[in-house]
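First comes the structure, then the notes that go with it.
The values are calculated or read from the model by the stated rules, or taken from the named source; none is laboratory data. All figures in this text were calculated on a predicted structure; none of them were measured in a lab. A quick note on method: Cβ atoms are made from the backbone with ideal geometry, for glycine too, and the neighbour counts reach across all protein chains shown. Quick note on the areas: whole protein, heavy atoms, side chains included, nothing else; ligands and nucleic acids left out. Shrake-Rupley method; radii C 1.70, N 1.55, O 1.52, S 1.80 Å.
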Amino acid sequence: MRTGLAGQRLVAAFFVGALLFNYPVLSLFDRSEPFIGMPMLWVCLFVLWAMMIGVVAWIVERGAR
Amino acid sequence: MAKKILIADDEQNIVISLEFLMKREGYEVLIANDGEEAVQRIRAEVPDLVLLDVMMPKKSGFEVCQEVKSNPDLQSVRILMLTAKGRDTEVAKGLALGADAYMTKPFSTKELVERVRSMLAEH
Amino acid sequence: MLSGTVVVAVSFAYLLVLFAVAYFGDRRAEQGRSIIANSWTYALSMAVYCTAWTYFGSVGRAASGGVWFLPIYLGPTLAMTLSWLVLLKMIRIAKTYRITSIADFIASRYGKSHLLGGLVTIIAVVGMIPYIALQLKAISSGYTVLTGQHDSGFFPFAGSSWVNDGTLYVALTLAVFTVLFGARHLDATERHEGMVAAIAFESVVKLLAFLVIGVFVTYVVFDGFGDIFARAFADPELAGLLSLKTASSAGYGGWFAMTLLALLSVIFLPRQFQVTVVENVNEQHLRRATWLFPAYLLLINIFVLPIALGGLLYFGRGTVDPDTFVLSLPLAHGEGMLALLAFVGGLSAATGMVIVETIAVSTMVCNDLVMPLLLRTERFKRSEHPDLTGLLLGIRRGAILGVLLLGYLYFRLAGEAYALVSIGLISFAAVAQFAPAMLGGMYWRGGTREGALAGLLAGFVVWAYTLMLPSVAKSGWLDRDFLDHGLFGLGFLRPEQLFGLAGLDSISHALFWSLAANIASYVLVSLARVPTGQEASQATLFVDVFRRGQDAPATFWRGSAQVQDLLPLVARFLGAERARRIFQTYALERGLGGIEQLKPDPGLVQFAETQLAGAIGGASARVMVSSVVQEEPLGLDEVMDILDEASQVRAYSHQLEEKSQALEAATAELRAANERLKELDRLKDDFMSSVTHELRTPLTSIRAFSEMLFDDPKIDLKDRTRFLGIIVSETERLTRLVNQVLDMAKIESGHAEWHNTDIDMRELVEQAVETTAQLFRDRGAVVELDLPDEALHLRADHDRLVQVMLNLLSNAAKFVPTAGGWARISLSRETGQIRVDVSDNGPGIPSDELGVIFEKFRQGGDEHSRPQGTGLGLPISRQIVEHFGGRLWVRSTVGQGSTFTFVLPVPPENAETVQSTQ
């Protein structure tokens, strides 16, 4: 798995994550008006974060089989 | 009795010239315009000699030659092959299939007549 | 408010529970039934990352900077994504070479250097002291909040005498517990199963406690997330916290720096290295931790912002320290027990961190700082102390106490000036300095001892100058003057605007300069010289750890020692009984009867050294072993020879492989080229043969008739005329053939001349039909013309298109039946093109001949109707049509006739004008 498909997927996930959690993508969510009654940035960060964890979990647990 | 000669060629003008030459020599002339017709007429008439063109529709001269030579009833039929493709391989192939002689087009009328005469005299 | 006694009693009770868990874990480990040998425990133990800083400090951070607490957790999430690449290699290296700390790792990698190990240890100690101070501060201020400021007995704030300072007792208590957890006995592998079990337990406690407080604040004090956020939006000051731009002046650059810092910290913090690498039981456990640990981080952070906003909404700004909202909010609502639970959670977080961090740092201090110094004394080398295990334990325990006391000292000196988060970031920036030497050492062979030294030193100095010293100065223990005006009054040396670099927050600023200095020094100094033999061999062992396999550490030196020499040496540090046991196992594994049969080979020496390395560090083990081994140290040349031999064989076989592949490829290419040539040759032969045949056939007739006329002057007039007629027509045929062959050759080779003019297609068709009218009349056939009303203009070569039309028309004329024959020519315009159809009611073309008729010298139809053709008309026509970008094709049904169609494109603007004129 180290250099296999899962490894490459993890590296890809890293770069996607690094992109999402930084400028300029981050600035897209940085609005001052509420989003479904909550701060948009806060909601988006947590949702993206959870999604990323989900994807990584899928990659490694799948590879474990 | 006059010898029978079959002229098998798909080029009308060549047939006309051969027919004229052979008749002038006093032979009885039969004509076929393609390979199949040639085989039929050879079977039916058993000519003494066939002037056989190689490039003919339906059946090539080689095929006709092979069929004739493999038929014991037609052992007496001489075959003189005429071809416009002057390659050595074609000459060799014709002879290998049992053709008795081979001439390339365009031929000299004198030589052709001589060759026909000598082939028929062998019998 | 709670009474101090209750709080202290509960705290001690909790610590005892933790110890019970650890004791149970150790017992089970001794029985071989480990309770930590699963991926869940492993991932939970990583959560030691979440300290009191997370527990209290994140809320404080959120109260002043909104979402700015998050990068500290997003960084680790990103780092863990790469764990299967980076951490796995680190774990493999550490396990294979018995590495027990970061200092040991770096020292071993760069040629088992004592100096490097010492430097890393010093950086770690200096870097971690503020962090430990942070935990002490958290516990002490938590205690203060719980009990009220002026409870008797403990009075935690500076200013009172040290003896009365509760924080000192907190530090001492933690020291005792840490010794109990981590330095009760000596273990060659430096693994502490009980401690890991306790940490995993502690992680669950702090998470649950924090979630309970979060739910309490969000759903009991307020009416859910929506309520808190709605109120926050209503308050203009709080609304500013909800956006990244308005919440902090650091900007996106600062955000990135913070993420990077956290990303590096989760790998290089000594305690993270301890739980992730040293305490790892099974490499496969890393797999689950890759997502479970980030998921833990996400969970513990969900309520941070709501609690912070809730606290600010409830207390207002500036009345209560936001760092203690977790405690003060329940207290303010009369929920004393809840506040106590929150305190236990915080205590848990702080204790876990202190225990693991001090154990990790004390291992470094012992193995990489104290031992090397002791080993330098000659007296020590001569085995005057038969058993040193006691000494080793003593050193470690002393180190634990020392580190905690230093933490306390920092707390006394600087702790009050800073919020929790700021202190933590200073430590993070310190451990980030390990990254270049560690990562470089794992992936780059070229790094040298001097390079690593220079990098670490440069990074450390810059860190101290730009971050550590300002923190001390701001606490009032140093003259602030150098902060504002630079060292020696030199403006460009201002620590927080080094070389005039302004616009960054202090952390980003320090991180940038320190890492820049670090990496630059590491790389440049490393490149200054070729690695020595020792460095090169270690580099290979580290970089290629996956290639070598776990149980075959290569030996890069010659030397031998009798087992009688080695055994006592190992016994000195591990204890006599344990040493015997280990050697016995080693002998049995090799199929030998007992220790006495062990041969004095390099493998044995290597084994002994590895065992020692676990206890006293790689560098010290090297020194100790070499004192008893008759060693011939290998020079660089010899090591390089050994390395070269292997790498040359590898390179050579690689080259061979490459060459044979290249050869195969070349062969295949040649074969393909040859096939192409053969094919071309065959085509050319076929063409020549066809041309020969086509030329000889008319020549045959011409020669035959000419000779006959020449030889026989008596041929009658009728025959003579007929023969001459044949000669003339065959000559014409020959001429036509030669012209068409040349034409074809010209078009194919691209040398044909095209005279494009504006032509009217209608006129052209009419003209062609007129030209061929006689042919159709001869056959008794009817020609129908279907032409549009207006002219169809197009730019093309007039004569060439006439040639195409004539060809198609003469073909039609040739094939129509002699009775009732007809041909229909239609011209029409379609979108973007002009279409011409030439239909006839001839015999039609069998479907298998449809493609063939466009090939050269391939004529369709019955032989009787053929003699006119050369077999080149259609191929030439198709070439012409295609030259103008059109297509020529045929549709035919046998017995019903054929339709030849060609289309020619016309430019769209032309089409428009045609349409508009309509």
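Structure notes:
- Residue satisfying condition, being open to solvent by 60 Å² or more (accessible area, probe 1.4 Å) and among the hydroxyl-bearing types (Ser, Thr, Tyr), within set B:THR83, B:THR89: B:THR89
- Residue among C:GLU730, C:GLU770 that is open to solvent by 80 Å² or more (accessible area, probe 1.4 Å) and either closer than 30 Å to C:VAL838 by Cα or touching a residue at least 24 places away in the same chain (Cβ under 8 Å) (or both): C:GLU770
- Qualifying residue in the range C:816-826 (condition: β-branched (Val, Ile, Thr), closer than 18 Å to C:THR772 by Cα and crowded, with 17+ Cβ neighbours inside 10 Å): yes
- Helices (runs of 4 or more DSSP H) contained entirely in the range B:20-123, each with at least 1 residues that are aliphatic (A, V, I, L, M) and within 14 Å of chain C (Cβ to nearest Cβ): B:35-45, B:88-96, B:109-121
- Residue within the range C:248-255 that is under 30 Å from C:GLY440 (Cβ atoms), open to solvent by less than 10 Å² (accessible area, probe 1.4 Å), assigned to a helix (DSSP H, G or I) and touching a Pro at 6+ places or on another chain (Cβ under 7 Å) present: yes
- For C:GLY725, the conditions (1) open to solvent by 70 Å² or more (accessible area, probe 1.4 Å); (2) of a type outside the set (A, V, I, L, M, F, W, C); (3) in a helix (DSSP H, G or I); (4) more than 30 Å from C:SER749 (Cα to Cα) all hold with the exception of (1).
- Screening the candidates A:PHE46, A:PHE29, A:PHE35 for the property of being within 8 Å of chain C (Cβ to nearest Cβ) and either in contact with a Pro (Cβ under 7 Å, 6 or more places away or on another chain) or among the hydrophobic types (A, V, I, L, M, F, W, C) (or both) yields one hit, A:PHE46.
- Scanning the range A:6-21 for residues that are in contact (Cβ under 8 Å) with a residue 12 or more places away in the chain and more than 7 Å from every other protein chain (Cβ to nearest Cβ) turns up A:ALA6, A:ARG9, A:VAL16, A:LEU20.
- Residue count for the range C:270-302, restricted to those that are more than 18 Å from C:ILE93 (Cβ to Cβ) and either more than 13 Å from chain A (Cβ to nearest Cβ) or open to solvent by 20 Å² or more (accessible area, probe 1.4 Å) (or both): 9
- Scanning the range C:26-51 for residues that are modelled with pLDDT under 85 and open to solvent by less than 10 Å² (accessible area, probe 1.4 Å) yields a single hit, C:ILE36.
- Of all positions in the range A:55-64, at least one carries a residue that is modelled with pLDDT under 80, loosely packed, with under 14 Cβ neighbours inside 10 Å, more than 7 Å from chain C (Cβ to nearest Cβ) and under 22 Å from C:LEU87 (Cβ atoms).
- Tally, over the range C:666-720, of residues that are farther than 22 Å from B:MET103 by Cβ and surrounded by 10 or more Cβ atoms within 10 Å (Cβ to Cβ): 25
- For the range C:53-68, residues that are surrounded by 24 or more Cβ atoms within 10 Å (Cβ to Cβ) and either within 23 Å of the chain's Cα centre (by Cα) or of a type outside the set (A, V, I, L, M) (or both) total 9.
- Index of the failed condition, A:GLY4 passing every other in (1) surrounded by fewer than 13 Cβ atoms within 10 Å (Cβ to Cβ); (2) modelled with pLDDT of 80 or more: (2)
- Selected residue (criterion: farthest from C:LEU329 (Cα to Cα)) from residues of the range C:202-231 that are at the interface with chain A (Cβ under 8 Å from one of its Cβ atoms) and either among the hydrophobic types (A, V, I, L, M, F, W, C) or open to solvent by 60 Å² or more (accessible area, probe 1.4 Å) (or both): C:ALA230
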